[in-house]
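Structure, as structure tokens:
Taken together, the values in this text are just the output of simple stated rules run on the coordinates, not laboratory data. As the structure is a prediction and not an experimental result, all values here were calculated from the model. Cβ placement follows ideal geometry from the backbone for every residue including glycine, while neighbour counts extend to all protein chains displayed.
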Amino acid sequence: MQSQQKYEQKLSLEFFPPRTEKGVEKLKTVIEELGTINPEYMSVTYGAGGTTQNRTIETVEYIQTQTAFDAAPHLTCIGASEESVLELLDRYEAMGIKRIVALRGDLPSGMMDPGEFKYASDLIAFIRQERGDTFKLEVAAYPETHPQARNCDIGIKWFKHKVDQGADSAITQYFYNVDSYLYFIDNCERSGIDLPIVPGIMPITNYENLIRFSEGCGAEVPRWLKCRLESFGDDTDSLKAFGEDVVTELSQRLLDAGAPGLHFYSMNQSAPTLNIVNALTFKNT
Ligand code: FAD
């Protein structure tokens, strides 16, 4: 973990672009409430090849120009053309955006043409070639190995390749097993990967959603945790309280081990993230 301990521990937040007017108004309140934890930036997800892309741009523009916080748009390259990426980069540069979360994304079902970029590493190389150091580039990392990687060594190999194209920092897929992160960092160190790798933290608020989402993205919900969560049935208050304890402990253990901060998948809710963050002790405070 030595490579990670040299960084100041910072917080960042992730939102998805709301689908309805009501959601837009709610997110404004959530941003205000979560702003109290002083995040380094607020990122906004982007639907690969989907119809939600304009909503991402609108949400990014709101955060960047109407609040005191720095927005970091996610940008997925699967299905995109070089021209469409350049257009988006121009729009973001004009808004004053300084950081992008650069991703491959997943081809939506039914869509066959991957476009001009095959992997996130192609996108990173392209942005660096076309825009130099205009943007700080965040990339995705997978302590429990990306579902399409044949094994964890191959996953690390392609992760290193992506980092070598010019990534500044990485955010992990969420996980509930501290050891998977520590082991991943050790493997990265052995492979000569040297950049902040910030754990992604998913608060637990709903059993069914968590299980469905985790199956889709290859994040493991340990058996003991599944059993306990399932046992709460319809008692959502108890589930949330238990989930909060579990994720607070996970987060504190990561900070104590020297993680370079935490990135919260807020799911556009303020209370779960706020309650966890307010219970944590950071090395630099
Ligand atoms: P890559 O780094 O390109 O890796 C994809 C797979 O290809 C891996 O298995 C890797 O090992 C393999 N690989 C990489 N390079 C090569 C190569 N040259 N040859 C052979 N194999 C290779 N999805 C969205 O749609 N929108 C979002 O906003 C979004 N935000 C995310 C934020 C975070 C922090 C994370 C962790 C994930 C996010 N995702 C998002 C999900 C992500 O798009 C998927 O996990 C996707 O399957 C992989 O994207 P990637 O950028 O990690 O891809």
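Checking each residue in the stretch 256-277 for being farther than 18 Å from Y207 by Cα, touching a residue at least 40 places away in the same chain (Cβ under 8 Å) and surrounded by fewer than 19 Cβ atoms within 10 Å (Cβ to Cβ) picks out A257, G258, L274.
Across the stretch 224-243, what is the number of residues that are free of Cβ contacts under 8 Å to residues at least 12 places away in the same chain and not aromatic (F, W, Y)?
8
Criterion applied to V198, V178, V221 was being over 30 Å from T59 (Cα atoms) and touching a residue at least 60 places away in the same chain (Cβ under 8 Å), and the one residue passing it is V178. I197 falls short of the stated requirement of being under 22 Å from T36 (Cα atoms) and of a type in the set (V, I, T). Report yes if some residue within the stretch 148-170 is near the ligand (Cβ under 10 Å from one of its atoms), within 24 Å of C77 (Cα to Cα), in a strand (DSSP E or B) and under 17 Å from the mean Cα position of the chain (by Cα); otherwise report no. Yes, the stretch 148-170 has at least one match.
Listed here are the residues, each with its yes/no results for (1) crowded, with 19+ Cβ neighbours inside 10 Å; (2) touching a residue at least 40 places away in the same chain (Cβ under 8 Å); (3) of a type in the set (K, R).
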| site | (1), (2), (3) |
| --- | --- |
| G96 | no, no, no |
| R131 | no, yes, yes |
| L137 | yes, no, no |
| H146 | no, yes, no |
| F159 | yes, no, no |
| E189 | no, yes, no |
| G192 | no, no, no |
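Could you list, in sequence order, the residues of the stretch 171-183 that are more than 10 Å from the ligand (Cβ to nearest atom), of a type outside the set (S, T, N, Q) and either under 17 Å from the mean Cα position of the chain (by Cα) or closer than 17 Å to V198 by Cβ (or both)? Result: F175, Y176, V178, Y181, L182, Y183.
Just to be sure, is Y181 over 19 Å from C77 (Cα atoms) and out of contact with any strand residue (DSSP E or B) (no Cβ under 6 Å at 6 or more places or on another chain)? Taking the combined requirement at face value, the residue does not satisfy it. Screening Y41, Y7 for residues that are more than 16 Å from A271 (Cα to Cα) and touching an Asp or Glu at 6+ places or on another chain (Cβ under 7 Å) leaves exactly one candidate, Y41.
A single member of D122, D90, D106 is within 17 Å of the chain's Cα centre (by Cα) and either on the phi < 0 side of the Ramachandran plot or buried (at least 23 other Cβ atoms within 10 Å of the Cβ) (or both), and it is D106.
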